[in-house]
Amino acid sequence: MALQGHFFEDILSLVPAEIIVADAEYRYLYANPSAVPDQHLREWMIGKTNEEFCQYSGRPAAQARARRMVFEKARRTRRVVEWAESAMDAEGVVQHFMHRVYPVFDESGQLQQVIIYAVRITETKEFEEKVRVSEKRYRDLFNHSQALICTHDMGGKLLTVNPATCKVLGYESSEMLGRSIAEFVPEKHRPKFEAEYLKAIRESVNAVSGEFCVLSKTGEEIYLLYKNYRKEEPGSEPYVIGFSQDITDRIKMERELRLTKQLTDEIAKAKESFLAHMSHEIRTPMNGILGIASLLNKTRLDPQQRNYLQLIQESANNLLVIVNDILDLEKIVAGKLQLERIPFKIVDKIATTIQSFIYRAEEKELGLIFQNSIPADLVVEGDPYRLSQVLNNILSNALKFTNEGHITIYTLIREHNEEEVIVEITVQDTGIGIGKEQLRTIFEPFEQADATISRKYGGTGLGLTICKNMIEMQNGELLVQSEEGKGSAFTIRVPYLISIEAMQENEASQEIDYKSLGPRKVLVAEDVELNQYLARHILESWDFEVEIVNNGREALEALDKSSFDCILMDVQMPEMDGIEATQRIRKLPDPVLSNIPIIALTANALKGDSEKYLAAGMTDYLAKPFDEARLFRVISRNLTRLQNPVGSASTIAAAFAHNNNNSNSSNMTAGNARLYDLSMVQSVSGGDEGFIRKMVALFIETVPQNLQDLKRALEEENWEQVGKTAHKLKSTIDSMGIKSIRQEIRAVETNARQKESLDQVPSLVATIDSVIQECIGQLQLEVIK
């Protein structure tokens, strides 16, 4: 027995746990070395009570009382009792222990002894503390985050919600937990929620993001931007943790912006429609006034009558200027004003503009002096019409505000290099001048130097605003220097590219033979009686047969009964307007009738109108009010396109003789339907017919491929390539003198590069293709043979 006792004692001594045995009075009977390492203390404590041991070993009295309470609890409950205890070791490090007290009873139920053992749990305790701190941090993040955080199962049932979610939706957490998210989604959004979110999150292995709408407790719709993650952990069902942000204010703002944009677009359309209608309503009677005045001017008048007629014409033209100013300002503001880029002799353009003011200057007994320092033969590329418009406005102001003295126009080249010149034009007068304060606002719209000026001199105050904008659009500047009572000096500076091409003779400067087209039959669709009379009088003076109808429906009926060489179609008419009538004509089964030239007569002058008419099937257009020369040119241009200029030997011989002529004229007479003009090629050929033939052959050989490239790029909507190819064709078309499509090829290049009005490009390309193919046919028959 003694041997067995030593055996068990050795085992208890080696066990890595504290083992203590006490009797029913809590007196120590045994303690192993793990419990009390000090042997002398271990031997001393045998027979001592718990309180005596704690006092002797210097442990707190509170610890002794705690142990006694656990001991008594084990005695009373007859069950094992656990408690945790912390104590400082010899090195001053706090150690944590888990104690268990086992009460041992005899057969009569009397407590015999208590077995106490303890295990050191310091590492476990430290790990639990770290976990607790970490959990607290995440709990704080969950509770205090401004983001809406929740978790839900794969069916959409809410497992947790953070306070931010409750605050935004107005619910208590207890009112949300256990409910399906779908219950908080408006009825109209539930199908989308089920299809786009729940189905996606079930099938997704990562995350799903997007936005959806939920209802608050008060029924308010709240929009959330979310990104939710599916989580899967071993041994548990997958769940979703979701993060959302309230974007209701943003959604409302976007709706308001869309509504505002819609209203802005509607206002812009209404304004454009108003301007178009006002332009039409003003220009239509103005066309009649100016037309009848022009006819009246051809009759015999006495000096007083002629003076009255001049006053009528001047007043009508002034009114037309005001209308044009308003329309030009609207185009500039809308960014729709397009600039030409064509070669012109700048000195000729300036001189022509000044010449139109000589009579007015003589009437006021003012000197009009032109001091030019620009070479007379300088040809530049730019917009001569806008330059003339600006110069016209400034000269008009100078004449208006100058009552004595003179007006001097100075022109010079301010800077130049091999490719570009900066042209400077200064208009200096000796008029009323402008005060320093007024100079600050002189270029503002509807502003004039003094309120009395408008009453005394008239005008809208738009002219200088438009001038400044037009010059700045050409990368130039408009400057002013003025002193009240001493006059003003307005200076225009515009950069221009130097053109290596000779300027083509202006079409307007030619003498026109109005009977060169021979007898023709023309249908005029016009609802204004005055304009009907004007059109009939002009056309019949050319030996044309004229039939007048009042609207598009009557035009269709007339076309069904008789044949015509062309149709002059007013755009705005009752019952059926010109656009609808044109579209119906183009759908007629008879190819002769469906291809008849239709020229739009329009009083609308906004950008996009002409493109709209051409897209509707009209062949050309003419803006009202028009003069006899402009009407003749547009009719001539369209009638000669339909003529077959080839066929007879005499025609071919005449054409080739014309090509061998070294004449400087670059324009054909109105009766010649040739689509090309080889004047430029002739000018550089030095009389070498082989060179001319070679140039024509290269044109015929290369241009069809360029056209194919253009059409292919158009089909692919490769606008950059469309612009490049059009630019390449432009110089070729200009070199061959194909005037009828000069504007079309430039429009294709500009629209493609700026990505504007792209819907118009296909019809423009089709026109270019058609004209070039016909031109190639002419060149093959007339030049190459």
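The values are calculated or read from the model by the stated rules, or taken from the named source; none is laboratory data. Since this is a predicted model, take the numbers as computed values, not measurements. Quick reminder, even Gly has a Cβ in these numbers, built from the backbone with ideal geometry, and neighbours come from all protein chains shown.
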Exercise. Assess whether Thr408 counts as being in contact with a His (Cβ under 7 Å, 6 or more places away or on another chain), more than 20 Å from Ile342 (Cβ to Cβ) and at pLDDT 85 or above.
Key: no
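Report, by residue number, each residue of the stretch 748-770 that is assigned to a helix (DSSP H, G or I) and small (Gly, Ala, Ser). Before you say what the answer is, go through the steps one by one.
Taking the stretch 748-770 first, the residues assigned to a helix (DSSP H, G or I) are 748-754, 758-770.
If the condition is that a residue be assigned to a helix (DSSP H, G or I) and small (Gly, Ala, Ser), then Ala752, Ser763, Ala766, Ser770 are the ones that fit.
So, Leu439, is that one at pLDDT below 80, within 26 Å of Gln371 (Cβ to Cβ) and not aromatic (Phe, Trp, Tyr) or not? Break it down stepwise before answering.
Values: at pLDDT below 80: yes; within 26 Å of Gln371 (Cβ to Cβ): yes; not aromatic (Phe, Trp, Tyr): yes.
Considered against the rule, which asks whether it is at pLDDT below 80, within 26 Å of Gln371 (Cβ to Cβ) and not aromatic (Phe, Trp, Tyr), Leu439 comes out as yes.
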Quiz item: Looking at Leu320, Leu337, Leu329, Leu296, which is the one that is at pLDDT below 75 and more than 28 Å from the chain's Cα centre (by Cα)?
Solution: Leu320
Exercise. Pull up the stretch 359-414, narrow it to residues that are in contact with a strand residue (DSSP E or B) (Cβ under 6 Å, 6 or more places away or on another chain), surrounded by fewer than 16 Cβ atoms within 10 Å (Cβ to Cβ) and of a type in the set (A, V, I, L, M, F, W, C), then point me to the one that is farthest from Gly431 (Cα to Cα).
Key: Ile413
Exercise. Kindly provide the set of residues from the stretch 698-722 that are in contact with an Asp or Glu (Cβ under 9 Å, 6 or more places away or on another chain) and surrounded by 20 or more Cβ atoms within 10 Å (Cβ to Cβ), ordered by number.
Key: Leu710, Ala713, Val722
Quiz item: Just a yes or no: is a residue in the stretch 761-775 acidic (Asp, Glu) and exposed (fewer than 15 other Cβ atoms within 10 Å of the Cβ)?
Solution: no
Quiz item: So Asp543 fits all but one of (1) out of contact with any strand residue (DSSP E or B) (no Cβ under 7 Å at 6 or more places or on another chain); (2) crowded, with 16+ Cβ neighbours inside 10 Å; what number is the exception?
Solution: (2)
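Could you tell me whether Val240 is assigned by TED's automatic domain parsing to the domain that holds Pro163, surrounded by 13 or more Cβ atoms within 10 Å (Cβ to Cβ) and in contact (Cβ under 8 Å) with a residue 60 or more places away in the chain? Lay out the reasoning, then the answer.
On the way: assigned by TED's automatic domain parsing to the domain that holds Pro163: yes; surrounded by 13 or more Cβ atoms within 10 Å (Cβ to Cβ): yes; in contact (Cβ under 8 Å) with a residue 60 or more places away in the chain: yes.
Yes: the conditions hold for Val240.
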Self-check item: Residue that is modelled with the highest pLDDT, among those in the stretch 602-631 that are assigned to a helix (DSSP H, G or I) and hydroxyl-bearing (Ser, Thr, Tyr)
Solution: Tyr613
Exercise. For the stretch 735-751, enumerate the residues that are touching a residue at least 24 places away in the same chain (Cβ under 8 Å) and out of contact with any helix residue (DSSP H, G or I) (no Cβ under 7 Å at 6 or more places or on another chain).
Key: Lys739, Thr750
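Are any of the residues in the stretch 112-133 outside any helix (DSSP H, G or I), on the phi > 0 side of the Ramachandran plot and at pLDDT 75 or above? Give the derivation first.
Let us first name the residues in the stretch 112-133 that are outside any helix (DSSP H, G or I), namely 112-121.
Imposing the further condition that a residue be on the phi > 0 side of the Ramachandran plot reduces the set to none.
No, the stretch 112-133 contains no residue that is outside any helix (DSSP H, G or I), on the phi > 0 side of the Ramachandran plot and at pLDDT 75 or above.
Considering only residues that are of a type in the set (Ser, Thr, Tyr) and either touching a Ser or Thr at 6+ places or on another chain (Cβ under 8 Å) or more than 21 Å from Phe212 (Cβ to Cβ) (or both), which ones fall in the stretch 245-268?
Taking the stretch 245-268 first, the residues of a type in the set (Ser, Thr, Tyr) are 248, 260, 264.
The answer is Thr260, Thr264.
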Quiz item: Of the conditions (1) under 23 Å from Val494 (Cβ atoms); (2) touching a helix residue (DSSP H, G or I) at 6+ places or on another chain (Cβ under 6 Å), Thr426 fails just one. Which one is it?
Solution: (2)
Quiz item: Take the residues of the stretch 559-601 that are among the small types (Gly, Ala, Ser) and part of a helix (DSSP H, G or I): which is modelled with the highest pLDDT?
Solution: Ala581
Exercise. Would you check if Lys711 is at pLDDT below 80 and closer than 30 Å to Ile635 by Cα?
Key: no
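If only one of Leu534, Leu530, Leu556 is over 19 Å from Arg637 (Cα atoms), assigned to a helix (DSSP H, G or I) and modelled with pLDDT of 90 or more, which one is it? Walk me through it before giving the result.
Numbers: Leu534 fails: modelled with pLDDT of 90 or more; Leu530 fails: modelled with pLDDT of 90 or more.
None of the others qualify; the one that does is Leu556.
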Quiz item: Cβ-Cβ below 8 Å, separation at least six or inter-chain, first residue in the stretch 205-219 and outside the structural domain of Glu187 (by TED's automatic domain parsing) and under 12 Å from Arg230 (Cα atoms), second of a type outside the set (A, V, I, L, M, F, W, C) and not in a strand (DSSP E or B): which pairs?
Solution: none
Quiz item: Which members of the stretch 515-525 meet the condition of being in contact with a Leu (Cβ under 7 Å, 6 or more places away or on another chain) and modelled with pLDDT under 90?
Solution: Leu517
